[in-house]
Amino acid sequence: MSSLTLMAAASVDVPFRIPLGVWVKDVVDFITDGFGGLFDVIRVIFGGLYELLDFILTAPPFWAVILVAVVLAFLARGWRMAAGTAVGFLLIAGVAQWENAMDTLALVLVASVIAVVLSVPLGILAARSKLASTIIKPVLDFMQTMPAFVYLIPALILFRVGVVPGIVATIIFALAPGVRLTELGIRGVDSEVVEAGQAFGASPFRILRQIQLPLALPSIMAGVNQVIMLSLSMVVIAGMVGAGGLGGDVVASLNRIDIRLGAEAGISVVIIAVFLDRMTAALGQKRRKRPRVAQTSRASTAESTGSDAAAGTSAVGKSAAMSPAKAAFDGGTSESGSGTNAGAGEGRRGQEAAAR
């Protein structure tokens, strides 16, 4: 089999060689030499955000963090979610993976927030401009299909070993679904609703803020959920570049063939993923329920308005059957109560003058 492979390789004789790798290396060297200061600033910002959030999660006792998570789960989805959160987080603490889990959670939250901040405006731009959508879609396809390990090479060159290359690689890998689902949600808004806003003289920004974004929010929240899930899938790769956390333990267990450590770290990743998935899904469901309530109230208002209109129509028919003077008097009374009162006062004064 190997001899056949060698023969096939020898039979392929290409008369030219495209130096694609050399070109990419030259571009990376140019970026490193010309924008090294900018990447140092980004490294400081990303590292500072990670350290701050990691300190918030690891400084309190583990039971305090679990209590906060249980309260959030109860507010989001009820007592079942709260009970599952308590059991899952206690399991993480019980297998001595609490600090690693909090490090991983801090990395995922920082990367997810930055990815969402970048993806939502890009999705809005792609939804409002065909040219932007034509340019952005191939870039997203490239980002999604390129092996994630390839991102680590320029990330290590630009940001050095540590947690920041893992954050950058996670952002790049998780950015695409946020952009795509934001664009899909805004494009899916009914054009008649947008035209109604334009007919009332609303500016494009106001239409976006008060019509398109609220109606596209379920799709945007689905994109946020996918961003978080893809960020968690990059935990192991981030551990390979010195990010630590649960990914570092997974890599260590792979190098040592330690099934015990790999199982504990892997189950901890699953528990965090389920918690974040259920929380974001609960937020999306609450956002979906509000428009339904609004539609119900609008429907009830329309029904009451229709009944009032029908009653008004019958009243108008009855008033038309009355005498013209009575109808005119009723019309004058309904249009101007003050004029009717003034006419009544003049009539009384005229009667008193005639009596005198």
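For V110, are the conditions met, namely being touching a helix residue (DSSP H, G or I) at 6+ places or on another chain (Cβ under 8 Å), more than 30 Å from V194 (Cβ to Cβ) and open to solvent by less than 70 Å² (accessible area, probe 1.4 Å)?
yes
Would you check which residues across the range 222-236 are closer than 22 Å to R180 by Cβ and either open to solvent by 30 Å² or more (accessible area, probe 1.4 Å) or in a helix (DSSP H, G or I) (or both) and list them?
A222, G223, V224, N225, Q226, V227, I228, M229, L230, S231, L232, S233
Please give the number of the condition D141 fails out of (1) touching a Gly at 6+ places or on another chain (Cβ under 6 Å); (2) acidic (D, E); (3) surrounded by fewer than 22 Cβ atoms within 10 Å (Cβ to Cβ).
(1)
Check G242 against each of (1) under 30 Å from V168 (Cβ atoms); (2) assigned to a helix (DSSP H, G or I); (3) modelled with pLDDT under 85; (4) open to solvent by 30 Å² or more (accessible area, probe 1.4 Å) and name the one condition it does not meet.
(2)
Looking at P214, P177, which is the one that is surrounded by fewer than 17 Cβ atoms within 10 Å (Cβ to Cβ), in contact (Cβ under 8 Å) with a residue 12 or more places away in the chain, of a type outside the set (D, E, K, R) and out of contact with any Lys or Arg (no Cβ under 8 Å at 6 or more places or on another chain)?
P214
Got a sec? Which of V189, V179 is outside any helix (DSSP H, G or I) and within 23 Å of the chain's Cα centre (by Cα)?
V189
In this structure, does R278 turn out to be part of a helix (DSSP H, G or I), more than 29 Å from V161 (Cα to Cα) and open to solvent by 40 Å² or more (accessible area, probe 1.4 Å)?
Yes: the conditions hold for R278.
Among (1) open to solvent by less than 30 Å² (accessible area, probe 1.4 Å); (2) touching a residue at least 60 places away in the same chain (Cβ under 8 Å), which single condition is S219 missing?
Failing condition for S219: (2).
Listed here are the residues, each with its yes/no results for (1) touching an Asp or Glu at 6+ places or on another chain (Cβ under 8 Å); (2) within 17 Å of A76 (Cα to Cα); (3) modelled with pLDDT under 50.
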{"position": "R256", "(1), (2), (3)": "no, no, no"}
{"position": "D277", "(1), (2), (3)": "no, yes, no"}
{"position": "T280", "(1), (2), (3)": "no, yes, no"}
{"position": "Q285", "(1), (2), (3)": "no, yes, no"}
{"position": "T301", "(1), (2), (3)": "no, no, yes"}
{"position": "S304", "(1), (2), (3)": "no, no, yes"}
{"position": "D308", "(1), (2), (3)": "no, no, yes"}
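Six or more apart or on different chains, Cβ atoms under 9 Å: show the pairs whose first residue is in the range 103-121 and more than 16 Å from I272 (Cβ to Cβ) and whose second is basic (K, R) and modelled with pLDDT of 90 or more.
Pairs found: S119/R180.
Answer yes if at least one residue in the range 145-166 is within 22 Å of N225 (Cβ to Cβ), open to solvent by less than 10 Å² (accessible area, probe 1.4 Å) and either in a helix (DSSP H, G or I) or modelled with pLDDT of 85 or more (or both), and no otherwise.
The answer is yes, given that some residue of the range 145-166 is within 22 Å of N225 (Cβ to Cβ), open to solvent by less than 10 Å² (accessible area, probe 1.4 Å) and either in a helix (DSSP H, G or I) or modelled with pLDDT of 85 or more (or both).
Quick one: is G247 open to solvent by less than 20 Å² (accessible area, probe 1.4 Å) and either in contact (Cβ under 8 Å) with a residue 24 or more places away in the chain or closer than 20 Å to L184 by Cβ (or both)?
yes
The values are calculated or read from the model by the stated rules, or taken from the named source; none is laboratory data. This structure is a prediction, so every number in the text was calculated from the model and none was measured. Backbone-built Cβ (ideal geometry, glycine too); neighbour counts: all protein chains shown. For accessibility, only protein heavy atoms count, side chains too; no ligands or nucleic acids. Shrake-Rupley method; radii C 1.70, N 1.55, O 1.52, S 1.80 Å.
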